[in-house]
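Trainee: A single structure is presented below for examination.
The values are calculated or read from the model by the stated rules, or taken from the named source; none is laboratory data. Note that the structure is a prediction, hence the values are computed from the model and not measured. Cβ: placed from backbone, ideal geometry, glycine included. Neighbour counts: every protein chain shown. Protein only, heavy atoms only, side chains kept; ligands, DNA and RNA dropped before computing areas. Shrake-Rupley method; radii C 1.70, N 1.55, O 1.52, S 1.80 Å.
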Amino acid sequence: MAPEMEPLFLAWSYFRRRKFQFCAAVCSQMLEKSPYDQAAWILKARALTEMVYIDEIDVDQEGIAEMILDENAIAQVPRPGTSLKLPGTNQTGGPSPAIRPITQAGRPITGFLRPSTQSGRPGTMEQAIRTPRTAYTARPVTSSSGRFVRLGTASMLTSPDGPFINLSRLNLTKYAQKPKLAKALFEYIFHHENDVKTALDLAALSTEHSQYKDWWWKVQIGKCYYRLGMYREAEKQFKSALKQQEMVDTYLYLAKVYTSLDQPVTALNLFKQGLDKFPGEVTILCGIARIYEEMNNISSASEYYKEVLKQDNTHMEAIACIGSNHFYSDQPEVALRFYRRLLQMGVYNCQLFNNLGLCCFYAQQYDMTLTSFERALSLAENEEEAADVWYNLGHIAVARALLQTASSLAPHMYEPHFNFATISDKIGDLQRSYVAARKSEAAFPDHVDTQHLIKQLKQHFAVL
């Protein structure tokens, strides 16, 4: 009979294989037998943290209040090219925003779905409530752990009926004196419990215990300040951490602060300083490209995305964005090559086949157009994705029935209503054109073409 593996090593094996639930279960069994086993305690804390961990660098968690009430705005009308909230004109000869679709906030639609980049900042409470939230991806983190001396604190006791760690009974000062244990505890409080105030207190005590020489704790304090909306305090902490230890993540966190403060030029200068220290770093290059793309500087964004592909030729975001830029620059054949590359890499979803269908149509490869759209419809996971496909089919076939289907599936989208109104106006069905134009106006009140069409229809009805 084969010998059984020691429970601690079994739990560690589960953790290394990212089977966090099994890891936590084994650690719970160990803690039932020995409640003060630090190795099991810290490993369970890390496993529970990994279950809910999200990358704070890419995620911008804004509530409705932060979206509507911006307390960081300095100028109501900033200069062109200095703000992300005010859509600017493309000054570099790239595709015109009149041709490239834009969001209701005025930003060009990117080729890759990122948190808080598609819908922009909504102008009304109703738009904020119905703004879709994107799914965030987790990135594994590593931190050291081992068998430490037993503390014997009551807060380490675990109960099957209660929480794993009772935060109200924690002696933060005692934990701050154990740096390795404090780091795992901080990540558990910050990510799993989402108690930013307690996490900030622990980070402050740990920084004080390290005599302000540990850059890692300064970064964590900055993360807490950012989560609390205290951007200037977060900026000070990240800058202090960079003086002690230059890390890529710290540059990304600090640039995120400047982006939240609507200072894209400062963020770009910071990223370029980071490139001097870390030449060819993909995340920094991608960050520069994202800011340029949000500022409607499409050509500069494409150049940096190309630099990303020189360092990592499997970077999906760069491939998708370059393909999108080629499509809106009237180069569907080139865009088709990039989307086919994504298909070869294993991307298989509705959006990709939708883009392939459009590229095939404009590249005059009609035999593959309808096949791609049929595949996109079969892979659509919700009504909004299906509405996008039907919208493109309606645009290609110039069929009012398909546009009407798209309008019924996603009534909050203004594009199907406006195109239906335009086609109905051209064939003389003015009544239905006016009704559809009103729906388009309700979905996007500031759409200039919709307002112009409604004005024309009103003038025609007045003459009658």
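Trainee: Given the criteria open to solvent by 10 Å² or more (accessible area, probe 1.4 Å), touching a residue at least 40 places away in the same chain (Cβ under 8 Å), part of a helix (DSSP H, G or I) and of a type in the set (Lys, Arg), does ARG290 qualify? Spell out the reasoning first.
Mentor: Working: open to solvent by 10 Å² or more (accessible area, probe 1.4 Å): yes; touching a residue at least 40 places away in the same chain (Cβ under 8 Å): yes; part of a helix (DSSP H, G or I): yes; of a type in the set (Lys, Arg): yes.
Here the answer is yes, as ARG290 does meet what is asked.
Trainee: Before we move on, is ARG341 within 24 Å of GLU303 (Cβ to Cβ), assigned to a helix (DSSP H, G or I) and open to solvent by 60 Å² or more (accessible area, probe 1.4 Å)? Steps first, answer last, please.
Mentor: On the way: within 24 Å of GLU303 (Cβ to Cβ): yes; assigned to a helix (DSSP H, G or I): yes; open to solvent by 60 Å² or more (accessible area, probe 1.4 Å): yes.
Yes, satisfied.
Trainee: Moving on. Starting from residues that are among the basic types (Lys, Arg) and without any contact (Cβ under 8 Å) to a residue 24 or more places away in the chain, keep the ones in region 163-183 and report whichever is least open to solvent (accessible area, probe 1.4 Å). Give the derivation first.
Mentor: As a first pass, look at region 163-183 and keep what is among the basic types (Lys, Arg): 169, 174, 178, 180, 183.
Those left that are additionally without any contact (Cβ under 8 Å) to a residue 24 or more places away in the chain: 169, 174.
Working: ARG169: 135, LYS174: 82 Å².
Ranking the qualifying residues of region 163-183, first place goes to LYS174.
Trainee: Further question: Could you tell me whether region 75-82 includes any residue that is under 30 Å from TYR292 (Cβ atoms), at pLDDT below 90 and of a type in the set (A, V, I, L, M, F, W, C)? Break it down stepwise before answering.
Mentor: Of region 75-82, the ones under 30 Å from TYR292 (Cβ atoms) are 75-82.
Now narrow it down to the ones that are at pLDDT below 90: 75-82.
Next, from what is left, pick out any that are of a type in the set (A, V, I, L, M, F, W, C): 75, 77.
The answer is yes; a qualifying residue exists.
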